[in-house]
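In what follows, a single structure is set out as structure tokens and then discussed.
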Amino acid sequence: MYKVRFSERAKKDLKKMDKHTAALILGWIRKNLENCENPRAHGKALTANLSGTWRYRVGDYRLLALIEDETITILILNIGHRREIYD
């Protein structure tokens, strides 16, 4: 079962969002990523300069994460709107 951790940047991104959007994203994380057996089932692997990173889609928002199989952890790196997240 995978545990979810947030980077400092992801925590900052969440604080900047309106409360409704942040609650929606946190609810999605609780439902789909916390204690899941296969976090790759919900996401998509990224390529090029972001290779090794996984993307999760929550409405118009994206979560960029690293899946650490050795420690059974999902580290959320960034959270943002889809037009800004890949910059």
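Please give the net charge around GLU34, taking every other residue with its beta carbon less than 13 angstrom from that of GLU34, where Lys and Arg add +1 and Asp and Glu add -1. Summing Lys/Arg as +1 and Asp/Glu as -1 gives +3. The value of relative contact order for the chain, using C-alpha pairs under 8 Å at least six residues apart, is 33 percent.
Here the label points at ALA41 and ARG82, each 7 Å from Cα along the C-beta direction, are separated by 2.3 nm in the simple model.
Give the residue list of chymotrypsin sites (Phe, Trp or Tyr not before Pro) in region 9-87 that are DSSP loop and have at most 14 other beta-carbon atoms within 10 angstrom. Don't skip to the end; give the middle numbers.
Details: sites: TRP28, TRP54, TYR56, TYR61, TYR86; in loops: TYR86.
Counting only loop positions with at most 14 other Cβ atoms within 10 Å, the chymotrypsin sites (Phe, Trp or Tyr not before Pro) in region 9-87 are TYR86.
Summarising the label geometry, the points placed 7 Å from Cα in the beta-carbon direction at LYS12 and LEU66 lie 1.7 nm from one another.
Probe of 1.4 angstrom, ligands and nucleic acids ignored: what's the accessible area per residue over the chain, in square angstrom? Write out the running numbers ahead of the final one.
On the way: 5710 Å² over 87 residues.
That works out to 66 Å² per residue.
Using a/c under 1.5 as the rounded threshold, could you call region 1-44 rounded, prolate or oblate? The axes a ≥ b ≥ c are square roots of the C-alpha gyration tensor eigenvalues, and prolate needs a/b larger than b/c, oblate otherwise.
Details: a/c = 2.38, a/b = 1.75, b/c = 1.37.
Prolate, since a/c reaches 1.5 and a/b exceeds b/c.
Tally Lys and Arg at +1 and Asp and Glu at -1 over the other residues with C-beta under 12 Å from the C-beta of GLU84: what net charge comes out? It would help to have the intermediate numbers written out before the result.
On the way: positive: LYS16, ARG62, ARG82, ARG83; negative: ASP13, ASP60, ASP87.
Summing Lys and Arg as +1 and Asp and Glu as -1 gives +1.
The values are calculated or read from the model by the stated rules, or taken from the named source; none is laboratory data. Since the structure is predicted, the reported quantities are computational estimates derived from the model, not experimental observations. Quick reminder, even Gly has a Cβ in these numbers, built from the backbone with ideal geometry, and neighbours come from all protein chains shown. Each accessible area value is taken on the protein alone, full model and side chains, heavy atoms only, with ligands, DNA and RNA left out. Shrake-Rupley method; radii C 1.70, N 1.55, O 1.52, S 1.80 Å.
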